[in-house]
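Data first, discussion second: the structure below is written as structure tokens.
The values are calculated or read from the model by the stated rules, or taken from the named source; none is laboratory data. Only a predicted model underlies this, so the values are computations on that prediction, with no experimental measurement involved. Because the Cβ atoms are built from the backbone with ideal geometry, glycine has one as well, and the counts that use them run over all protein chains shown.
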Amino acid sequence: MRKLLLLILITLAACTSPDASGVKVIVGAKLGAIDYSVVVIENGKITAAGPQSQVPVPKGSVITRGIGMTIEPDGDSIEPGHPANLILKGATERKMRNGEWVSP
């Protein structure tokens, strides 16, 4: 019984909520010549960007749907290692500063 309880506790400790992972992902937006992109953001920086077919979405990440929208850099380029300062344009416009969505 103790082993079962210990196993359950270890399993629960390994579970992560999206907020705990801190990883944000924008999926499906147009990024330059890429019609359906994935942009992965962690610790305020872009860690990966490219086509959906080549960039995996990390498990436990917070996903923002970008279908029908365009991602543009807001200052710097959208490349791994650069600050996540970007604009997500569509019917509405959202801005991200250092990996955090900001109010208009």
Among (1) closer than 14 Å to residue 27 by Cβ; (2) modelled with pLDDT of 95 or more, the one test that residue 47 misses: (1)
Pairs, first over 20 Å from residue 83 (Cβ atoms) and part of a strand (DSSP E or B) in region 30-41, second hydrophobic (A, V, I, L, M, F, W, C) and modelled with pLDDT under 95, C-beta under 9 Å, six or more apart: none
Any hit, region 51-72, residues being surrounded by 15 or more Cβ atoms within 10 Å (Cβ to Cβ), in a loop (DSSP other than H, G, I, E, B), touching a residue at least 12 places away in the same chain (Cβ under 8 Å) and over 12 Å from the mean Cα position of the chain (by Cα): yes
Filter result (in contact (Cβ under 8 Å) with a residue 12 or more places away in the chain and either touching a Pro at 6+ places or on another chain (Cβ under 8 Å) or within 11 Å of residue 45 (Cα to Cα) (or both)) within region 73-86: 78, 79, 80, 81, 82, 83, 84, 85, 86
